[in-house]
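Engineer: Following this message is one structure expressed as structure tokens.
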Amino acid sequence: MRCGRATRWSVTVATCVLAVVAASAGPASASEWRVPTEAGPPQAARTDAFHYARAHPGAAPAGANDFACVPTGEHPEPVILVHGTDSSAYDDWAALSPMLAADGWCVFALDYGGAAEAESGTSGSLGDAPPGARSFGTEDLYDSVDQLAEFTRRVLAATGADRVNYVGYSQGATVSRYYVNERGGAAHTDRWVGLASPTYGGTMYGIVDLLNALPGGLDLAEQLTSRAVRQQMRGSPFLTELNAGGDTVPGVHYTTVGSRYDEMIQPYTDIALRDPGATNVLVQDACPADASGHFLAPYDPYALDLVRTALDPDAEPHGECVPVPLGTGILRVILDSNSS
């Protein structure tokens, strides 16, 4: 979720919105993943998490990836956090992970979909950063699904749990839902929560429709951003396959947490799951003064409380309903992206 290299190609604000999603241009390379184990401090703001992660590559969000954690009777399922585009576990989960650990959950988070700059050894070793990987959440989503599947197997084996819960932010919601729905993950999933989930794809204020109408437009989008961004655009084959015949499967509790003011997904109703039985929550339904959108979601206290209560309806809310101005966080994301 950076607005760096691609921003230099931008001539309009709208193009920058597209570029913010990911800026890892270049030829396709082998996708890599890792399990970060060096715990960083909790963060209350995305920019603080961003700068800490840049200074401490491979940092894990506080409370995550204790493979000796034993699930309790109150919270028998571990929670797996799945980050968004061009991001990392620490970037996106430095606020929520310690909250969930304090609630009594065993929490786990991986860095997946890494773009390798050079040939490296075996990916996915506990605590070992793949040599050459500079960003995560940018590569082919099918590979990312496989990586999440392997990570889930490790979590189940380590904890002895029968089922897990997933919380996915943005791309992470899509990757985890694909695994649950299409790769047999439902057999060991209790709850799935999508935060700012591009359920029916991103439109980015009409940019996607424009690219679809231009010869070679989608190829250009992939070159300027990443393959993962292209696969999350409305109408992509990946999303068409995922939602064909329904967007949920039996046996799993599904919840989406979204915003009326999402900067990447319009109309905002495309965040919601449409199958009966799914729960769709908007931040503004509970707190009309909170106009936070896509980019602020993992650091908006009210949105995070909605995630916590989706996992456990008895969780005690921590965030107050306070005014959040429209567009909060967008400029900071752009400035941070150009500083990397």
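The values are calculated or read from the model by the stated rules, or taken from the named source; none is laboratory data. For clarity, every value in this text was computed on a predicted model and none was experimentally measured. Cβ placement follows ideal geometry from the backbone for every residue including glycine, while neighbour counts extend to all protein chains displayed.
Engineer: Just need a number here: residues in the range 231-262 that are among the β-branched types (Val, Ile, Thr), farther than 26 Å from ALA221 by Cα and not in a strand (DSSP E or B).
Structural biologist: 3
Conditions (1) modelled with pLDDT of 95 or more; (2) among the polar types (S, T, N, Q), marked per residue:
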| site | (1), (2) |
| --- | --- |
| THR269 | yes, yes |
| GLY277 | no, no |
| ALA289 | yes, no |
| LEU296 | yes, no |
| PRO301 | yes, no |
| ARG308 | yes, no |
| ASP312 | yes, no |
| GLY319 | no, no |
| LEU335 | no, no |
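Engineer: If a residue has to be in contact (Cβ under 8 Å) with a residue 24 or more places away in the chain and of a type in the set (Phe, Trp, Tyr) to count, how many in the range 239-287 make the cut?
Structural biologist: Adding up the residues that qualify gives 2.
Engineer: Return yes or no: is ARG163 under 21 Å from THR309 (Cα atoms) and of a type in the set (Lys, Arg)?
Structural biologist: yes
Engineer: Given the residues LEU282, LEU304, which is the only one that is within 13 Å of VAL167 (Cα to Cα), in contact with a Gly (Cβ under 7 Å, 6 or more places away or on another chain) and not small (Gly, Ala, Ser)?
Structural biologist: Every option except LEU304 fails the conditions.
Engineer: Quick check on my filter: what residues within the range 77-98 are closer than 18 Å to PRO41 by Cβ, aliphatic (A, V, I, L, M) and in contact with a strand residue (DSSP E or B) (Cβ under 9 Å, 6 or more places away or on another chain)?
Structural biologist: LEU81, ALA89, ALA94, LEU96
Engineer: Report yes if SER88 is within 15 Å of the chain's Cα centre (by Cα) and closer than 20 Å to ALA158 by Cα, otherwise no.
Structural biologist: No.
Engineer: With respect to the numbered conditions (1) of a type outside the set (S, T, N, Q); (2) in contact with a strand residue (DSSP E or B) (Cβ under 8 Å, 6 or more places away or on another chain); (3) within 26 Å of MET233 (Cα to Cα), which one is the sole condition not fulfilled by CYS321?
Structural biologist: Condition (3) is where CYS321 drops out.
Engineer: Another one. Within the range 128-229, considering only helices (runs of 4 or more DSSP H) that don't extend past its boundaries, which have at least 1 residues that are hydroxyl-bearing (Ser, Thr, Tyr), surrounded by 17 or more Cβ atoms within 10 Å (Cβ to Cβ) and touching a residue at least 40 places away in the same chain (Cβ under 8 Å)?
Structural biologist: Filter on the range 128-229 gives 141-159, 171-182.
So that you can scan it fast, the table gives a plain yes or no per residue for (1) over 21 Å from the mean Cα position of the chain (by Cα); (2) modelled with pLDDT of 90 or more:
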position	(1), (2)
ARG177	no, yes
HIS188	no, yes
ARG191	no, yes
SER197	no, yes
TYR200	no, yes
LEU214	yes, no
GLU222	no, no
SER226	no, no
GLN231	no, yes
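Engineer: If you don't mind, another one. Here is a list of conditions, (1) among the hydrophobic types (A, V, I, L, M, F, W, C); (2) touching a helix residue (DSSP H, G or I) at 6+ places or on another chain (Cβ under 8 Å); (3) crowded, with 18+ Cβ neighbours inside 10 Å; (4) part of a helix (DSSP H, G or I), and ILE265 meets all of them except one; can you say which number that is?
Structural biologist: Looking at each condition in turn, ILE265 falls short on (4).
Engineer: Let me ask something else about it. Looking at ASP66, ASP86 in this structure, which one is surrounded by 15 or more Cβ atoms within 10 Å (Cβ to Cβ) and at pLDDT 95 or above?
Structural biologist: Answer to the check: ASP66.
Engineer: A further question follows. Scan the range 124-135 and tell me whether some residue there is out of contact with any strand residue (DSSP E or B) (no Cβ under 6 Å at 6 or more places or on another chain) and modelled with pLDDT of 95 or more.
Structural biologist: There is no residue in the range 124-135 that is out of contact with any strand residue (DSSP E or B) (no Cβ under 6 Å at 6 or more places or on another chain) and modelled with pLDDT of 95 or more.
Engineer: Pairs under 9 Å by beta carbon, first residue within 17 Å of ALA95 (Cβ to Cβ) in the range 312-333, partner in a loop (DSSP other than H, G, I, E, B) and of a type in the set (Ser, Thr, Tyr), six or more apart or different chains?
Structural biologist: So the pair list comes out as VAL324/SER292; THR328/SER292; GLY329/SER292.
Engineer: Going through the range 47-67 one residue at a time, which ones are part of a loop (DSSP other than H, G, I, E, B) and either under 23 Å from LEU141 (Cβ atoms) or touching a residue at least 40 places away in the same chain (Cβ under 8 Å) (or both)?
Structural biologist: Selection gives PRO57, GLY58, PRO61, GLY63, ASN65, ASP66, PHE67.
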